[in-house]
Amino acid sequence: MKKWIISIVVLVLVIGGGSWFYYSKKQNENQVMAVANPVTSVQKGKLQVQISGLGSVESASSEDVKASTNAEVDEVLVSTNETVSKGQELVTFTDGSDPITAPIKGTVTSLTVASGDRLNSGTVVAHITNYKDLQTTVKIDELDISKIKKGQTAEVTANAFPDTTFAGKVTDIAEEGDTSNGVSTFNVTVQLTSPKNLKVGMTTEAKILTASKDNVLYVPVEAVHTNGNQKYVMVKSSDGQIASQVVKTGINNDSYVEITSGLQEGEEVQLPSITKSSTNSSGNMRGFGGMGGMGGMNGMNRGNWGNNGGGMKNGGGN
């Protein structure tokens, strides 16, 4: 009887110990602990703002060839896929009328006329496409279209050549937009300067440069917060103290924002805190009260700062 009781006690202890070990392990695995706020230095250099759009490659020179008189065709001087120059004779007439000539240089992509045909003025007899004169038409969101101007430069990449950048320039901006699912976009045409290896129909992304400044101070966008109409950052002093500093901002892109007043090059500013979740062996880093871009800079109640020392220092206005 005593052995039986001892066996039960041992079994209970084993089960209880195993349960406690499993529970403790799960607790440790799911433990989330705060990590000190990272800091970054105020940088000085060039800051650029680009607006992106997706599109495809197309020929900038592509025209129908039409007859300009009523006459019978004597001879067709070219064939499909032949390369022609501007002004080159394509079709002659039996009555000696002026021949049909190529309106542009390029490749004859279609030909619908033969010797002996009777043509009427305005009849399309061929089509010519210049595959060396290329452009891309990309769609730009209605919120950004006001920033796009003719003559702005662009960097164009193609899915077929991900490691190559092609230079371009904005040549046309659509006056009317296209609406889909409640979102309006406008076609913007970018002429490609040197479209080597690109082919009509390839998908592209164009990054259009809308603003650029040299020798400006800038910080990551997530370092800037708002309190009403006032923008501020958290500055770390040489003795490790943290204090809020009012700043003025200028241009910004998705990553950085210009600081026009309130900071100096090399000063350290605090970024939002992050947390480390040890749910697996490698661990996961994730934001804790993280920030958005300039359009979503956080207010005083956003972010999770450590020991914030001192009050807000005025850096020169809003």
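None of the figures in this text is laboratory data; all of them are computed from the coordinates on show. All figures in this text were calculated on a predicted structure; none of them were measured in a lab. A quick note on method: Cβ atoms are made from the backbone with ideal geometry, for glycine too, and the neighbour counts reach across all protein chains shown.
Tabulated data
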{"read-out": "Options Ile104, Gln88, Leu119, ranked by Cα towards positive dipole end of segment 63-129, top entry (Cβ charges)", "value": "Ile104"}
{"read-out": "Positive minus negative residues near Ser41 (Lys, Arg vs Asp, Glu; Cβ under 15 Å)", "value": "-2"}
{"read-out": "Euclidean distance between Cα centres, segment 80-121 to segment 189-252, Å", "value": "53 Å"}
{"read-out": "Sequence of Glu265, Glu155 once ranked by neighbouring C-beta atoms within 10 Å, starting from the fewest", "value": "Glu265, Glu155"}
{"read-out": "Percent breakdown of C-alpha pair distances by 10 Å bin, ordered from the shortest bin, for segment 63-129", "value": "25, 60, 16"}
{"read-out": "Using a Förster distance of 45 Å, the FRET efficiency for Asn159-Ser237 (Cβ separation, nearest 0.05)", "value": "0.40"}
{"read-out": "Using a Förster distance of 41 Å, the FRET efficiency for Ser115-Val183 (Cβ separation, nearest 0.05)", "value": "0.15"}
{"read-out": "Net lengthening on full extension, Glu142/Glu72 (0.36 nm per residue, minus Cα-Cα)", "value": "20.0 nm"}
{"read-out": "Taking Thr137, Thr189 and counting other C-beta atoms within 10 Å, the order from fewest to most", "value": "Thr137, Thr189"}
{"read-out": "Label point distance in nm, Ala211-Ala174, each placed 7 Å from Cα along Cα→Cβ", "value": "2.6 nm"}
{"read-out": "Built amide H within the under 5 Å cut-off of Gln152, gap 5+", "value": "Val170"}
{"read-out": "Formal net charge of residues neighbouring His127 (Cβ-Cβ distance under 13 Å; K, R +1; D, E -1)", "value": "-2"}
{"read-out": "Label point distance in nm, Ser194-Val124, each placed 7 Å from Cα along Cα→Cβ", "value": "3.5 nm"}
{"read-out": "Signed unit charges on C-beta, dipole axis of segment 176-252, positive-most listed residue Gly250, Gly177, Asn187", "value": "Gly250"}
